[in-house]
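Novice: The structure's right below; bear with me while I get my questions together.
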Amino acid sequence: MSLSCAHTGIAFNLTLAASLTFLAAPQAGAQVFGAEASVTQSDRFPNGGYTNGPNGIFSGGEGAFGAAALLNGTELDHNGSGPWNRGLTRASAALSGAAANPIAPILRAETTLSGLFSNVPFGGQFPDAAAGFSQAGAIETYQYTGSAPMTLTLTYTLHGNFFNDGDASGLSGIYLSVGVLGNVTFFSTHIGTLTSEGGAVILGHNGSDAEAFLLIAATTNGFTTQTVSLPFDVVPGQIFSVVAQLGANAVGGTSFADAYSTASGTFDRPDLISSISLPTPSAAGLLALGGLTALRRRR
């Protein structure tokens, strides 16, 4: 099952060889970074369609250092009727931007349904439930500052609380896609898009890719924690990116998918890594207001 597609509104030798690898890298796209968040609410119809809800909200994108999106459930439906208070959908993403001892992007996403939905028909049908979809994604780019080739490890932890109130669509759930990539030349939080269309390469170690897909599925009610460790090889001066995408989707009744406490990643040797993603002045102001500090907290 691929929740991420259901709605949107995721090499070496020493010294001289390492130096040549660094100098020859395509620097035009080497510092791609950004954060994005998107949320949407809709009504579900007996034929399986989803519409008649408020418009989705999107923020951030390439170059953004932090992004947040929120729908509080009081928006009008497709026909301008309401409000219907379908529930809460929210998402946020933030980059560390730390020149020393950086962390990986911190992502949050939550959908909590109230049990209410529109009573206005669309296409001759009345809705029978509501649905909410929230998504946060980010790319942060780093440089390895060590003096010798080595294997680094990125560890991501996903905390999620989920309740399925009778949804059999397969769309409800919490997912996290994360990977460590080289040669990222444009902004997308879909790893497959970056590799197939942009020539990005998934780094790894001993034949295993530094990529993972964590899923808290619709059959897993309650609080769950999942952790994955991704080793990858680097040489001195090497630039690499962490690409991560988090989604929390809930369909029907009072279902909820809460991953707001949070998806976060750490490196085993942050002292040998520097973030080369630089915030714009406005984004730096956002973090000064407590964006990243708030993301570090757990409820």
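What follows is calculated from the coordinates using simple rules that are stated; it is not laboratory data. Only a predicted model underlies this, so the values are computations on that prediction, with no experimental measurement involved. When we count neighbours, we look across all protein chains shown, and the Cβ atoms used for this are built from the backbone with ideal geometry, even at glycine.
Novice: Between Asn85 and Phe223, what length comes free when the chain is fully extended (0.36 nm per residue of separation minus the Cα-Cα distance, one decimal in nm)?
Specialist: 47.2 nm
Novice: So if R0 is 51 Å, what FRET efficiency would Asn119 and Glu197 give, r being the distance between their Cβ atoms, rounded to the nearest 0.05?
Specialist: Efficiency computed from Cβ-Cβ geometry: 0.75.
Novice: Apply the Karplus curve 6.51 cos²θ - 1.76 cosθ + 1.60, θ = phi - 60°, to the phi angles in the range 169-174 and return the couplings in whole Hz, x for Gly and Pro.
Specialist: Couplings: 6, x, 8, 6, x, 10 Hz.
Novice: Oh, and also: Kindly identify the range 108-189 as rounded, prolate or oblate by the Cα gyration tensor criterion: order the square roots of the eigenvalues as a ≥ b ≥ c, call it rounded if a/c is under 1.5, otherwise compare a/b with b/c, prolate if a/b is larger, else oblate.
Specialist: prolate
Novice: With only alpha-carbon pairs counted, each pair once and no self-pairs, how large is the Kirkwood hydrodynamic radius of the range 13-296 in angstroms?
Specialist: Evaluated over the range 13-296, this radius sits at 19.6 Å.
Novice: With the cut-off at 1.5 for a/c, could you classify the range 52-152 from its C-alpha gyration tensor as rounded, prolate or oblate?
Specialist: Prolate shape, in that a/c is at least 1.5 and a/b is the bigger ratio.
Novice: Between the alpha-carbon centers of the range 92-147 and the range 29-63, tell me the distance in whole angstrom.
Specialist: 8
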